[in-house]
Amino acid sequence: MERITIDPITRLEGHGKIDIFLDAEGNVANSYFQIPEMRGFERFCVGRQVEEIPLLTNRICGVCPEAHHMAGAKAVDAVYHVDPPPTAKMLRELLYMAFYCTDHTTHFYALAGPDFVMGPDAPVAERNILGVIHKVGLEIGGKVIQMRKYGHTVVEMIGGRKVHPCTSIPGGLTKGITKEQRDEIEKMGHWAIEFAQFSLKLFNDIVLANPQYLDLIVGDIYTHHTHYIGLVDDNNKVNFYDGKVSVVDPDGVRLGKYAPAEYADWIAEHVEPWTYLKFTYLKKVGWKGFTEGKESGVYMATPLSRLNASDGMATPRAQEEYDKFYKTLGGKPVHQRLAIHWARLIELLYAAERWVELATDPEITSDNFRTIPTEKPTEGVGIVEAPRGTLTHHYTTDERGIATKVNLIVGTTNNYAPIQMSTNKAARSLIKNGKVNEGLLNMVEMAFRAYDPCFGCATHSLPGQMPLEITIRDAEGKTVDVLKQFID
Amino acid sequence: MTSNGKPKFAMYWAASCGGCEIAVLNIHEKILDVDANFEVVFWPVAMDAKYKDVEAMEDGSILLTLFNGAIRNDENEHIAKLLRQKSKILVAFGSCANEGCVPALANLSPVKDLMDTVYTTVSTENPENLRPQPTTTVPEGELYIPTMYPIVRTLDQVVDVDYYMPGCPPESHQIAAVIDLVIQVLQGKAQLPPKGTVIGAGGSTVCDECKRKRDVKHIKEFKRIQHVMIDPELCILEQGVICSGSATRSGCGALCPAAGSPCIGCYGPAEGALDFGARLMTAVSSVIDSNKPEEIERILDGIPDPAGMFYRFNMAGSLLRASRPAWDKK
Amino acid sequence: MTDTFEPTIIGFTCNWCSYRAADMAGTARIKYAPNVRLIRLMCSGRLDPTFVLKAFASGADGVLVSGCHPGDCHYVEQNYKAMRRFYLIKRLLAQMGIEPGRIKLLWASAAEGAILANEINKFTEEVRALGPLHWNPTQGIEAPAHAQPLVEVTA
Ligand code: SF4
Ligand code: SF4
Ligand code: SF4
Ligand code: FES
């Protein structure tokens, strides 16, 4: 049987690879997207002092340590049955909003933007951040850097460090912020709102105003009718830091909302022997393989999922964009994967607006940032929305607060099954009768970018450039052809 | 291989979290200096991988390689060896490459335990009790994934290393300073330090950089941070909460204690310390205020997880390297 | 097998008491097990946990630490320091899979040669019963013979 190997970040990176098998007619028999590494945090966090786990799990991923630190912090609060004072929660959320702005910005400009701004038909050499700068002006590069710097500055002010923050502990934070810091944070927040609006306008002018691009989104080859999940507040508005997880079916009907402690009633993980990463699915619906529709438990957790699973955004400007989003794309839910990029920008605006809301709350500089726990530690679950999906940390301890069980369901894992499905779909539509369409690389690459898979969580790769390589071999394993392309 | 005549630079990640790469990207405009002074030949996060080009290079033709990440599986080891062969100067970059870092806490358990735990958690439905296999036969053919080694190793346990740059991740200002130094060396304005030197860090301890006041106070009880309102002025260890500052190499500016949180030792063992945990155990036992065996034991009950506490970042680089069940096949 | 196993034990002894006690035992022809290699420290307070770890890492099956009786240390309180370190190391070793029986703390004055010899013999038997430790964390690391090359070089 003929085999095609697609190596994102190449085999040597060990970050993920796709094997496509062809049948006798040269059509796709099956494809496998493999994750080649496992680190075992669930095991080696056991035996540790539970308050350390939010520091240890930071090291799962250097791209989103803030998400792990926050999910961990909420889990240890729950373990100690302690409710941090409002100031602590606001500070954590503020740190988190700054992080979101940085992360979404990086993704949009460095990874996704080029596809849209330059257009999918532009030469590969131009489809990169430099191409974007060339097309829309030099100052955009400076803005992106500025946004990243501002985000990291806030993370360090509240979290103690730029990468791998260290201040969240059971019951709150080890420090607060001064009035001077607050002033600075607010100023940066206003700038962030402007930047987010600028980004949406850019998207509007270049993508939405261009029927060809809009068709690309609407007619997306990566349309999968799956379930969606995302964290929402009491009013069912998108929330990144706190709330319940809303679950909607492919028709957009809400199946329910679960509190963090109920996650195991809703989410389950499936094991395959050919990959180290597990596949999550909705437990109530069940694992039916890599299939879509109401009967399949496959769901997605991305910016688009959060919008689909919610009733709107909690801030005014983001809400306007939310309305426009569904009006343009024909109502809820939206199944086209390329719309994730647009959803991401709406979230960027929400994060920036929320940043300013929090920074201007009079309580934010209060000294009351700690509650000392008094109850015996037992068990707790913490959930936040990582940029790449719902992140669940679940710790159980003995009465000394030593972890006896640790379970982690990380952002990208939620989307492993849909990514596998998208890849499969692209392969099937572009490989026919032994003919491999040159667009294959392109399509696979676009699918990847939309999900923004961060296998730093699952394994350890960055959402950086992804060289893709497809090797086509005949039955004896001899190389017939190599297609190669680099995603800038 | 085209060359612009500039010295060649490479950066690679093995078993790592990506935070080291983020720290490098956070040097912002200094990146331009790298670009101006080097030909970047291999850096997966920032450019196309060109693996084959690396393999085709002459031995020793890359001037400087920053290697982050530990050695967890056969793939990591293979690349470490290749880059060693191709590089004149190989730097172990970041805690993972230097000492194994947090993921090396896995060395406290056999790989089988890791697998058994991960693939049987409360949320895992695994009726056939499957585990990932290096080779799996699927209907269409065979699939392969790398093989995990019994323990995590540091870079210098696998290949010869020229310089060591600690930190999880190394702080960006330290990275910038190292890049400056290398550029000065290229321009003939400075000399490389002797092989084996720790670069991008200080020669003393985090305590030396820490602004908190030490009164040589002794304690009758170790406490957990969630139970103490940390006084903002006083030494954290002397407040009964274990802080790794005295065993940890300086270089970060004592960031964590400044934020009210103990140093957890991410810059690795202080100059002259052969074993991080041994150094920290010495410091910790010396603040215990008791000479009575039963009382000492009671006070030590306040440290319920010595291995995790004293070797959070250093397990793979420690003298013992791994717990016996992890490596002993019997 | 255990009856043929000769454990290697490293003994860290204080110059002023236990080392002399051992010396005395020697001159008085009191037999003690030859398994113990004594390393003299000026005081048990000089005991760095590094020494203990190094001993085990280098292949020792047991480690003995001895010093002057509490209250008798030449340097006043240093043996209490040794005691505190000792208890802590022992806890660490247990987590690393090294049985508590492989490490022993012993007080012996310069006059207690016979007692020391007796304790050494006892400890040697205890370690012998525990069997070899032979610390070797890299055993079992071998690159698998892969069905597929790790890195494929294609044209
Ligand atoms: S040293 Fe720290 S930041 Fe660097 S890769 Fe390892 S865990 Fe990540
Ligand atoms: S032990 Fe910690 S808090 Fe105390 S001086 Fe050292 S670094 Fe600072
Ligand atoms: S204080 Fe310690 S843990 Fe914190 S950054 Fe510095 S060396 Fe690392
Ligand atoms: S002098 Fe013997 S123990 Fe201190």
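The values are calculated or read from the model by the stated rules, or taken from the named source; none is laboratory data. Everything quoted here is computed from the prediction, not taken from an experiment. Neighbour counts are summed over all protein chains in view; Cβ atoms, including those assigned to glycine, are modelled from backbone coordinates with ideal geometry. The protein model used for the area step is the full one, side chains on, heavy atoms only, and it has no ligands, DNA or RNA in it. Shrake-Rupley method; radii C 1.70, N 1.55, O 1.52, S 1.80 Å.
General observations
- Ordering B:117, B:138, B:127 by the projection of their Cα atoms onto the charge dipole of segment B:106-149, which places +1 on the Cβ of Lys and Arg and -1 on the Cβ of Asp and Glu, puts B:117 at the extreme positive end.
- For chain B, the extents of the C-alpha atoms along the principal axes are 70, 62, 32 Å, listed from largest to smallest.
- Under a model in which nothing but the beta-carbon of Lys, Arg (+1) and Asp, Glu (-1) is charged, segment B:206-310 shows a dipole of about 200 debye around its Cα centre.
- Cα-based equivalent ellipsoid of segment C:9-130: semi-axis lengths in Å, sorted from largest, via gyration tensor: 21, 18, 11
- Ranked by the mean number of other Cβ atoms within 10 Å of their residues, highest first, the peptides A:183-191, A:96-104, B:28-36 come out as A:96-104, A:183-191, B:28-36.
- Peptide C:62-72 - average C-beta neighbours from other chains (10 Å radius): 0
- Normalised by 2.2 N^0.38 Å, where N counts its residues, the alpha-carbon radius of gyration of segment B:1-136 equals 1.28.
- Length released on extending from residue A:361 to residue A:326, taking residue separation times 0.36 nm less the Cα-Cα span: 9.5 nm
- Whole-angstrom gap from segment A:225-245 to segment A:144-199, using each part's C-alpha centre: 24
- Principal axis dimensions, largest first and in whole angstrom, of segment B:206-310 by Cα: 39, 32, 23
- Karplus-derived HN-Hα couplings along segment C:78-83 (A = 6.51, B = -1.76, C = 1.60, θ = phi - 60°), whole Hz, x at Gly and Pro: 5, 6, 5, 4, 4, 4
- Fluctuation leader among B:258, B:104, B:23 - chain B, Gaussian network, Cα springs under 10 angstrom: B:258
- Efficiency of FRET between residue B:138 and residue B:53 - r from beta-carbon atoms, R0 22 angstrom, step 0.05: 0.10
- Annotation: amide H-H contacts under 5 Å for residue B:15 (H modelled 1.01 Å from N, sequence separation of 5 or more, or interchain): B:70, B:72.
- Taking the protein heavy atoms of segment B:206-310 in the context of the full set of protein chains, the accessible area attributed to carbon and sulfur is 54 percent at 1.4 Å.
- Ellipticity at 222 nm from helices only: DSSP H runs of n ≥ 4 in chain B, each -39500 (n - 2.57), divided by the residue count, give -8000 deg cm²/dmol.
- Seen from residue B:266, the other residues with C-beta closer than 11 Å to its C-beta sum to a net charge of +2, counting Lys and Arg as +1 and Asp and Glu as -1.
- For chain C, the 222 nm mean residue ellipticity estimated from helices alone, with every DSSP H stretch of n ≥ 4 adding -39500 (n - 2.57) and the total spread over all residues, rounds to -11500 deg cm²/dmol.
- The calculated FRET efficiency for residue C:126 paired with residue C:58, based on their beta-carbon distance and R0 = 25 Å, is about 0.75.
- When both bridge partners sit in the protein assembly as shown, DSSP labels roughly 65% of those beta bridges antiparallel.
- Inter-label distance for residue C:4 and residue B:29, nm, one decimal - labels placed 7 Å from Cα along Cα-to-Cβ: 7.4
- Taking amide H as placed 1.01 Å from N in the peptide plane, the amide H of residue B:152 sits under 5 Å from that of B:107, each at least 5 places away or on another chain.
- The Cα atoms of segment A:38-419 define a convex hull whose projected area, averaged across directions, is 18.1 nm².
- Paramagnetic reach from residue B:291 in segment B:202-246 [backbone N under 19 Å; point 7 Å along Cα→Cβ]: B:217-221
- Prolate/oblate/rounded label for segment B:106-149 (Cα gyration tensor, a/c 1.5): oblate
- Pair residue C:114, residue A:139: separation of 7 Å Cα→Cβ label points (nm): 9.6
- Pairwise label distance in nanometres, residue C:40 with residue B:180, each label 7 Å out on the Cα-Cβ vector: 5.2
- Equivalent ellipsoid of the protein assembly as shown: semi-axes from √(5λ) of the C-alpha gyration tensor, largest first, are 50, 32, 27 Å.
- Per-residue HN-Hα couplings for segment A:285-294 [Karplus 6.51, -1.76, 1.60; θ = phi - 60°; Hz; x = Gly/Pro]: 8, x, 8, 10, x, 7, 10, 10, x, 5
- Inter-chain Cβ neighbour count for B:316-327, averaged per residue, equals 6 (cutoff 10 Å, partner chain atoms only).
- Mean per-residue shielding of peptide A:49-61 is 5, counting Cβ atoms of other chains within 10 Å of each Cβ.
- FRET efficiency estimate (nearest 0.05) - Cβ-Cβ, residue A:294 to residue A:433, R0 45 angstrom: 0.85
- The amide H of residue C:106, built 1.01 Å from its N in the peptide plane, has C:65, C:66, C:67 as neighbours under 5 Å, considering only residues 5 or more places off or on other chains.
- Farthest toward the positive end of the dipole of the protein assembly as shown, out of B:246, A:192, A:218, is the Cα of B:246, where the dipole comes from beta carbon charges about the Cα centre.
- Calculated accessible area for segment B:206-310 comes out at 37 Å² per residue, all protein chains present (probe 1.4 Å; ligands, DNA, RNA ignored).
- For peptides C:117-124, A:390-397, A:171-178, sequence by mean Cβ density within 10 Å, most packed first: A:390-397, A:171-178, C:117-124
- Net lengthening on full extension, residue B:274/residue B:128 (0.36 nm per residue, minus Cα-Cα): 47.9 nm
- Furthest towards positive pole of dipole, A:271, A:231, A:209, structure part segment A:38-419, Cβ charges: A:271
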